[in-house]
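Worksheet for the structure shown next.
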Amino acid sequence: MKRTRIQMLTEIAIFATLAMILDVFTEPMQIGPWISFSFKMVPIFVVAYRWGVGSGMAAGFLWGILQVVTGEAAGGILSLFQGFLEYFVAFTLIGLAGIVKPLIDSNRQQKKTSQILAYSLLGVVIGTTARYIIHFIAGFVFWGQYAPKGQNAVFYSFSVNGLSWLGETLACILVVWLAQPLMNFFLTDKRH
Ligand code: 218
């Protein structure tokens, strides 16, 4: 299929929706209020690797909007600025995973699948970390009052968001790894 702007925009919409659907269906995988072992960021990574940072960020941004308009984000919004930061900025930053696109592309022609996997996993870590840096900062600035009595807000945020980051990153790594043949299909198709 020829690579077109329409195809890119369609994929951004479809994959952001897929992330939203996974978000709802992986709700039971929630370990604590903010801690989950879930791979729902994977569709955003697929967009980022296929189309680059800009498209990945657009998909993340759209997913953030979907969470807010569906009410999924309700329990996570304390104020306008905090909500903007944690749902729009944080989710948009997942798209930074697309930084690895040129590295994936350079291995795409020769179908060097082990390199593609390695760069995909690097992208996962970049995307989840960029997102969780925002949650960590928001955690001690806005969520400090929920810390157990006497516990330092920075330590509280680091433990909650650090654990959540770890759970989500490991889940995404596992899924990208296990779904490698499917990922290769997505990343080595003829696009131009
Ligand atoms: C300490 C703490 N508690 C809660 C939040 C809010 N938070 C954390 C992680 C992810 C998300 C987005 C929805 O998955 C939110 C809103 C925090 N940052 N820190």
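The values are calculated or read from the model by the stated rules, or taken from the named source; none is laboratory data. The structure displayed is predicted, hence computed values, not measured ones. A quick note on method: Cβ atoms are made from the backbone with ideal geometry, for glycine too, and the neighbour counts reach across all protein chains shown. Only protein heavy atoms, including side chains, enter the accessible area calculation; ligands, DNA and RNA are left aside. Shrake-Rupley method; radii C 1.70, N 1.55, O 1.52, S 1.80 Å.
Taking only segment 70-80 into account, find how many residues are open to solvent by less than 50 Å² (accessible area, probe 1.4 Å) and either more than 10 Å from the ligand (Cβ to nearest atom) or within 30 Å of residue 118 (Cα to Cα) (or both). Walk me through it before giving the result.
Filtering segment 70-80 down to residues open to solvent by less than 50 Å² (accessible area, probe 1.4 Å) leaves 71, 73, 76, 79.
Checking the rest, the ones that are also either more than 10 Å from the ligand (Cβ to nearest atom) or within 30 Å of residue 118 (Cα to Cα) (or both) come to 71, 79.
Number of matching residues: 2.
Results for (1) among the charged types (D, E, K, R); (2) touching a residue at least 24 places away in the same chain (Cβ under 8 Å); (3) open to solvent by 10 Å² or more (accessible area, probe 1.4 Å); (4) assigned to a helix (DSSP H, G or I), shown as yes or no for each residue.
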position: 49; (1), (2), (3), (4): no, yes, no, yes
position: 59; (1), (2), (3), (4): no, yes, no, yes
position: 68; (1), (2), (3), (4): no, no, yes, yes
position: 82; (1), (2), (3), (4): no, yes, no, yes
position: 92; (1), (2), (3), (4): no, yes, yes, yes
position: 99; (1), (2), (3), (4): no, yes, yes, yes
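Is there a residue being open to solvent by 30 Å² or more (accessible area, probe 1.4 Å), under 27 Å from residue 14 (Cα atoms), within 10 Å of the ligand (Cβ to nearest atom) and touching a residue at least 12 places away in the same chain (Cβ under 8 Å) anywhere in segment 137-152? Let's see the steps before the verdict.
Narrowing segment 137-152 to residues open to solvent by 30 Å² or more (accessible area, probe 1.4 Å): 137, 140-143, 145-146, 148-152.
Now narrow it down to the ones that are under 27 Å from residue 14 (Cα atoms): none.
No, segment 137-152 contains no residue that is open to solvent by 30 Å² or more (accessible area, probe 1.4 Å), under 27 Å from residue 14 (Cα atoms), within 10 Å of the ligand (Cβ to nearest atom) and touching a residue at least 12 places away in the same chain (Cβ under 8 Å).
Looking only at segment 1-25, which residues are touching a Ser or Thr at 6+ places or on another chain (Cβ under 7 Å) and within 11 Å of the ligand (Cβ to nearest atom)?
Scanning segment 1-25 gives no hits.
Anything in segment 23-47 that is part of a helix (DSSP H, G or I) and modelled with pLDDT of 95 or more? List them, or say none. So that I can check it myself, show each step before the final result.
Start the filter on segment 23-47 by keeping residues that are part of a helix (DSSP H, G or I), which leaves 23-25, 27-29, 42-47.
Scanning segment 23-47 gives 42, 43, 44, 45, 46, 47.
Is it the case that segment 60-70 has a residue that's within 25 Å of residue 136 (Cα to Cα) and either charged (D, E, K, R) or touching a Leu at 6+ places or on another chain (Cβ under 8 Å) (or both)?
Looking through segment 60-70, at least one residue is within 25 Å of residue 136 (Cα to Cα) and either charged (D, E, K, R) or touching a Leu at 6+ places or on another chain (Cβ under 8 Å) (or both).
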